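Comments concern the structure below.
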Amino acid sequence: MQRISTQLIEEVGADAVIIVFSKTKRNSTTTHLHTWGNMLACRGLAEEAYGHLCEGSEPETEQEDADA
């Protein structure tokens, strides 16, 4: 993980890095989270990622009902 974080920092000038991945072994899945940088920046990244992943996941009819 350190090599990946270092590469992102050096090559793209990242202020904060969040790496999340899962591993499955024998029907058991574990989730791993690695962060680098200011925790406020990492939290902002996580919120931004959540918004991108979950935005638009609801059917449009439900969104229209919420706006009414």
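The values are calculated or read from the model by the stated rules, or taken from the named source; none is laboratory data. Treat the numbers as computed from the prediction; the structure is a model and nothing was measured. All Cβ positions, glycine included, derive from the backbone under ideal geometry; neighbour counts span all protein chains shown.
For the range 1-29, how many residues are of a type in the set (Gly, Ala, Ser), under 23 Å from residue 50 (Cβ atoms) and either in contact with a Ser or Thr (Cβ under 6 Å, 6 or more places away or on another chain) or part of a strand (DSSP E or B) (or both)?
Filtering the range 1-29 down to residues of a type in the set (Gly, Ala, Ser) leaves 5, 13-14, 16, 22, 28.
Going one step further and asking which of them are under 23 Å from residue 50 (Cβ atoms), we end up with 5, 14, 16, 22.
Pick out the ones that are also either in contact with a Ser or Thr (Cβ under 6 Å, 6 or more places away or on another chain) or part of a strand (DSSP E or B) (or both) and you get 22.
Counting residues in the range 1-29 that are of a type in the set (Gly, Ala, Ser), under 23 Å from residue 50 (Cβ atoms) and either in contact with a Ser or Thr (Cβ under 6 Å, 6 or more places away or on another chain) or part of a strand (DSSP E or B) (or both) gives 1.
Would you confirm whether any residue within the range 30-47 is modelled with pLDDT of 90 or more, surrounded by fewer than 10 Cβ atoms within 10 Å (Cβ to Cβ) and either in contact with a strand residue (DSSP E or B) (Cβ under 8 Å, 6 or more places away or on another chain) or assigned to a loop (DSSP other than H, G, I, E, B) (or both)?
yes
So, of the residues in the range 1-27 that are among the β-branched types (Val, Ile, Thr) and free of Cβ contacts under 8 Å to residues at least 12 places away in the same chain, which turns out to be farthest from residue 40 (Cα to Cα)? Quick ask: steps written out before the conclusion?
First pass over the range 1-27, keeping only residues among the β-branched types (Val, Ile, Thr): 4, 6, 9, 12, 17-20, 24.
Filter once more, keeping what is free of Cβ contacts under 8 Å to residues at least 12 places away in the same chain: 6, 12, 24.
On the way: 6: 19, 12: 20, 24: 30 Å.
Per the criteria, the residue is 24.
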